[in-house]
Amino acid sequence: MPLQANNISKQFGGETVLSELSLQLKDQETLSILGRSGCGKTTLLKICAGLQDSDSGLVTIEGTKICSLSPQNRPVVYLYQEALLFPHLNVFENIAFGLRLRNKAEEDISTQTNDMITKLGLDGMAQKMPHQLSGGQKQRVSFGRALITNPKVLLLDEPFGNLDADTRSQMQRFFKKIAQEFEITAIFVTHNIKEAILMGDRIANMNNGKLTIYPSLEEFLAADHKAVQEEIKFWKLISNTN
Ligand SMILES: Nc1ncnc2c1ncn2[C@@H]1O[C@H](COP(=O)(O)OP(=O)(O)OP(=O)(O)O)[C@@H](O)[C@H]1O
């Protein structure tokens with residue numbers, strides 16, 4: 001099992017955010033997670049990534065407890081809306097960074113990084129600096145930086161949330177392509193039901209600190225999504241007031 005979370009609970013002050021939440025990711029699947037704003041999706045990802053402690057519960061990767069591992073030693077990568085690139089490093093060096101940390105030979109770094117740049121559709125951009133890239137290109141570089149270290153699981157927190165509609169749908173296609181090519185196992189948090197359906201092999205809904213995972217798209221569509229309906233109303237309200 002690439003990632004398993006058992007009975008994860010988390011409170012902030014008096015507020016229970018996660019309540020004995022459990023999930024099991026299957027090998028090479030993307031699990032989309034929907035849920036109203038503030039229900040605890042980011043908190044769950046951060047606990048899996050080691051960026052936040054849980055009050056109780058256990059996270060294992062391929063059967064190994066990872067709770068005591070620091071974020072940089074966990075075989076997972078947390079990516080979110082902001083493509084976090086080193087501003088002083090070009091595309092090549094941003095992608096190569098994880099290999100340099102692992103003291104790989106220069107020749108391997110060059111081959112693997114150039115190969116990744118091609119797979120990301122970024123040929124000709126190796127020397128560009130992050131400020132010279134579009135939002136979608138920056139997110140591609142972010143994925144490249146993550147994938148080059150062969151993580152077991154990607155934790156994606158609204159990764160395309162900051163992109164315009166066209167770039168977002170381009171990046172959705174890009175993700176589907178690389179998910180297959182790199183045999184990615186991922187959790188994909190999104191507010192967008194269409195995106196959840198497009199990206200997810202399974203879809204889950206977070207509500208009251210728990211996760212309901214639907215075994216198939218049909219079962220997700222057939223369920224009575226009060227929380228999801230509320231979420232749609234919420235975002236419609238926000239977009240009408242902007
Ligand atoms: N470090 C923190 N200290 C106190 N409260 C926090 C902290 N982090 C999150 N929370 C609270 O926990 C709840 C869940 O937050 P979280 O960011 O996980 O929600 P979310 O589902 O990812 O929301 P969104 O969809 O808006 O990003 C919120 O009420 C938030 O205010």
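Derivation of every value follows stated rules applied to the coordinates shown; laboratory data play no part. Given the structure is predicted, the values throughout are model-derived calculations rather than measurements. Because the Cβ atoms are built from the backbone with ideal geometry, glycine has one as well, and the counts that use them run over all protein chains shown.
Side notes on the structure shown:
- Based on C-alpha pairs under 8 angstrom that are at least 6 apart in sequence, the chain has a relative contact order of 29 percent.
- Most mobile of 107, 181, 158 in a GNM of the chain (Cα contacts under 10 Å): 107
- Within a straight-line Cα-Cα reach of under 29 Å, residue 210 can be paired with the following lysines, leaving aside sequence neighbours fewer than 8 residues apart in one chain: 10, 26, 41, 46, 65, 152, 176, 194, 226, 233, 236.
- Rg ratio (alpha-carbon, reference 2.2 N^0.38 Å) - the chain: 1.03
- Global geometry of the stretch 106-192, whether rounded, prolate or oblate, following the gyration tensor of its Cα atoms and the 1.5 cut on a/c: oblate
- Theoretical FRET efficiency, 1/(1+(r/R0)^6), r = Cβ-Cβ of residue 89 and residue 22, R0 41 Å, to 0.05: 0.55
- Folded to 0 to 90 degrees: helix 135-147 orientation relative to the chain principal axis, Cα: 90
- Length gained on full extension, residue 180 to residue 69, computed as 0.36 nm times the residue gap minus the Cα-Cα distance: 37.1 nm.
- Residue exposure proxy: 116, 171, ordered by other Cβ atoms within 10 angstrom of their Cβ from fewest to most, comes out as 171, 116.
- Close amide H contacts of residue 79 (hydrogens built in the peptide plane, cut-off under 5 Å, sequence separation of 5 or more or a different chain): 155, 156, 157.
- Cβ crowding within 10 Å averaged over residues, with 66-75, 35-44, 48-57 ranked highest first: 35-44, 48-57, 66-75
- Using R0 = 35 Å, the C-beta based FRET efficiency linking residue 12 and residue 164 works out to 0.60.
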